[in-house]
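Here the structure is laid out as structure tokens; the discussion comes afterwards.
The values are calculated or read from the model by the stated rules, or taken from the named source; none is laboratory data. Just so it is clear, the structure is predicted and the values come from calculations on it, not from any experiment. Please note: Cβ atoms are built from the backbone with ideal geometry, for glycine as well, and neighbour counts cover all protein chains shown.
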């Protein structure tokens with residue numbers, strides 16, 4: 001695809017990269033078959049190829065219309081199209097430019113800008129989110145059933161971080177924004193599971209939201225500011241060899257952290273450190289998998305008669321995990337390793353419709369995808385759905401029919417029960 005950029009964009013950092021991606025596209029259309037919004041809406045401009053054409057038009061003409069913005073907004077950024085593209089187009093980089101330039105050129109009506117900015121601010125500020133969740137829990141009995149299901153339950157118990165004596169490895173754990181408020185049990189489970197195999201994790205003072213929420217809303221400078229704050233918090237201990245890197249329990253955050261080098265490219269102070277930390281970031285499944293053999297010994301639970309107890313679970317692989325990070329089959333293996341029977345859902349490549357703030361801003365499309373995914377998962381006959389991203393967990397809890405847990409919670413419970421059983425035997 002030939003591209004002649006408008007003089008308006010001369011010298012922009014993103015220009016060279018997006019031109020390369022646009023030239024790589026050969027218009028084959030394979031991407032449309034894997035696009036959830038094209039499948040639902042049947043509009044070429046609501047598929048990857050159509051949005052690529054829109055970004056090309058934007059780059060060449062230097063003009064953004066409200067119609068363009070609407071098509072950019074409908075993209076889930078699930079990245080399924082990238083796995084089906086024979087030319088290797090990194091589509092998410094193309095649509096990110098479309099969104100960022102759209103915000104910069106201010107074509108949205110004032111109310112829409114206010115709504116999107118307010119949502120980003122509310123979601124990424126833990127104190128405000130904690131207050132809102134507390135209010136939601138108070139009034140939950142009086143809410144309509146559909147709305148009540150969106151309010152997360154209170155954490156069931158007090159919990160203390162495990163003490164790991166002489167840890168073999170130490171990692172920073174991304175604290176994030178939404179997950180520690182609505183599902184603190186996930187990071188607790190991560191600390192428990194990793195502690196069993198001698199790995200210590202901790203939050204870094206001054207770190208917080210990874211910046212993905214703002215970035216996907218086109219608020220690139222805000223996302224960069226969050227990235228700088230995180231790198232500033234993590235770098236000293238990493239550079240001194242006290243921490244091996246960063247691990248994230250939400251796959252969406254892990255995928256975004258991996259691209260910190262690109263996000264802060266050209267930053268004279270933190271650009272190089274961001275690139276290094278991005279390369280040393282792991283999704284928690286990758287770290288746990290390194291110790292799968294030891295974990296298997298800690299997590300096998302048996303019936304009193306000696307037969308292994310096997311509950312049935314279906315794993316919903318978030319798009320950020322399977323498409324963004326390219327991690328396939330790892331979590332399923334870890335669940336099976338501690339005694340779960342993992343069943344497979346049909347069409348497990350399709351997005352559940354969460355996609356961060358998408359489930360709020362594009363509620364109609366998100367709900368359709370959520371209900372479809374919920375029915376598909378329920379048809380497996382599983383007792384519970386396991387997932388690897390907080391957004392998917394909350395979305396499927398609202399629109400699915402089965403209970404939804406983070407896979408780490410399921411593993412941690414098996415480990416805790418097995419350790420308790422061993423302790424009883426010793427007594």
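Looking only at the range 382-398, decide whether some residue is farther than 17 Å from residue 312 by Cα and over 19 Å from the mean Cα position of the chain (by Cα).
no
When you go through (1) buried (at least 19 other Cβ atoms within 10 Å of the Cβ); (2) over 20 Å from the mean Cα position of the chain (by Cα); (3) farther than 29 Å from residue 95 by Cβ; (4) modelled with pLDDT of 95 or more one by one for residue 270, which number turns out not to apply?
(3)
Mind listing just one residue for me: the one in the range 14-53 that is over 26 Å from the mean Cα position of the chain (by Cα) and farther than 19 Å from residue 80 by Cα and, of those, surrounded by the most Cβ atoms within 10 Å (Cβ to Cβ)?
The qualifying residue surrounded by the most Cβ atoms within 10 Å (Cβ to Cβ) is 19.
Scan the range 111-154 for residues that are assigned to a loop (DSSP other than H, G, I, E, B), surrounded by 13 or more Cβ atoms within 10 Å (Cβ to Cβ) and at pLDDT below 80 and jot them down.
Correct list: 143, 149, 150, 151, 152.
Within the range 354-365, count every residue that is crowded, with 20+ Cβ neighbours inside 10 Å, modelled with pLDDT under 95 and farther than 20 Å from residue 254 by Cβ.
0
Could you tell me whether residue 303 is in contact with a helix residue (DSSP H, G or I) (Cβ under 7 Å, 6 or more places away or on another chain), modelled with pLDDT under 95 and surrounded by fewer than 21 Cβ atoms within 10 Å (Cβ to Cβ)? Please lay out each step first, then the result.
Details: in contact with a helix residue (DSSP H, G or I) (Cβ under 7 Å, 6 or more places away or on another chain): no; modelled with pLDDT under 95: yes; surrounded by fewer than 21 Cβ atoms within 10 Å (Cβ to Cβ): yes.
No; evaluated as a whole, the condition is false for this residue.
Residue check, residue 99 against (1) within 16 Å of residue 357 (Cβ to Cβ); (2) at pLDDT 90 or above; (3) exposed (fewer than 14 other Cβ atoms within 10 Å of the Cβ), all met but one. Which one?
Tallying (1) within 16 Å of residue 357 (Cβ to Cβ); (2) at pLDDT 90 or above; (3) exposed (fewer than 14 other Cβ atoms within 10 Å of the Cβ), residue 99 fails exactly one: (3).
Show the residue pairs that are 6+ apart or on different chains and have beta-carbon atoms under 7 Å apart, the first residue being within the range 315-342 and on the phi > 0 side of the Ramachandran plot, the second being buried (at least 21 other Cβ atoms within 10 Å of the Cβ) and outside any strand (DSSP E or B).
Here the result reads 339/299; 339/414, each pair linking the range 315-342 to a residue that is buried (at least 21 other Cβ atoms within 10 Å of the Cβ) and outside any strand (DSSP E or B).
Any residue at all in the range 243-257 that is assigned to a loop (DSSP other than H, G, I, E, B), assigned by TED's automatic domain parsing to the domain that holds residue 177, surrounded by fewer than 21 Cβ atoms within 10 Å (Cβ to Cβ) and modelled with pLDDT under 95?
The answer is no, given that none of the residues of the range 243-257 is assigned to a loop (DSSP other than H, G, I, E, B), assigned by TED's automatic domain parsing to the domain that holds residue 177, surrounded by fewer than 21 Cβ atoms within 10 Å (Cβ to Cβ) and modelled with pLDDT under 95.
Out of all the residues in the range 334-348, which are exposed (fewer than 15 other Cβ atoms within 10 Å of the Cβ) and either over 30 Å from residue 416 (Cα atoms) or in contact with a helix residue (DSSP H, G or I) (Cβ under 7 Å, 6 or more places away or on another chain) (or both)?
Once the filter is applied, which keeps residues that are exposed (fewer than 15 other Cβ atoms within 10 Å of the Cβ) and either over 30 Å from residue 416 (Cα atoms) or in contact with a helix residue (DSSP H, G or I) (Cβ under 7 Å, 6 or more places away or on another chain) (or both), the range 334-348 yields 346, 347.
Taking only the range 348-401 into account, find how many residues are touching a residue at least 24 places away in the same chain (Cβ under 8 Å) and assigned to a helix (DSSP H, G or I).
We begin by selecting, within the range 348-401, every residue touching a residue at least 24 places away in the same chain (Cβ under 8 Å); these are 348-362, 365-371, 373-401.
In the following step, the residues that additionally are assigned to a helix (DSSP H, G or I) were identified as 358-361, 365-371, 373-378, 390-399.
So the count comes out to 27.
How many residues does the range 190-225 contain that are in a helix (DSSP H, G or I) and touching a strand residue (DSSP E or B) at 6+ places or on another chain (Cβ under 6 Å)? Outline the logic, then answer.
So the first thing to find is which residues in the range 190-225 are in a helix (DSSP H, G or I), and the list is 190-196, 212-216, 220-225.
Then drop every residue that is not touching a strand residue (DSSP E or B) at 6+ places or on another chain (Cβ under 6 Å), which leaves 191, 194.
Result for the range 190-225: 2.
It is to be established whether one or more residues within the range 399-418 are touching a helix residue (DSSP H, G or I) at 6+ places or on another chain (Cβ under 7 Å), at pLDDT below 95 and more than 19 Å from residue 311 (Cβ to Cβ).
Within the range 399-418, one or more residues are touching a helix residue (DSSP H, G or I) at 6+ places or on another chain (Cβ under 7 Å), at pLDDT below 95 and more than 19 Å from residue 311 (Cβ to Cβ).
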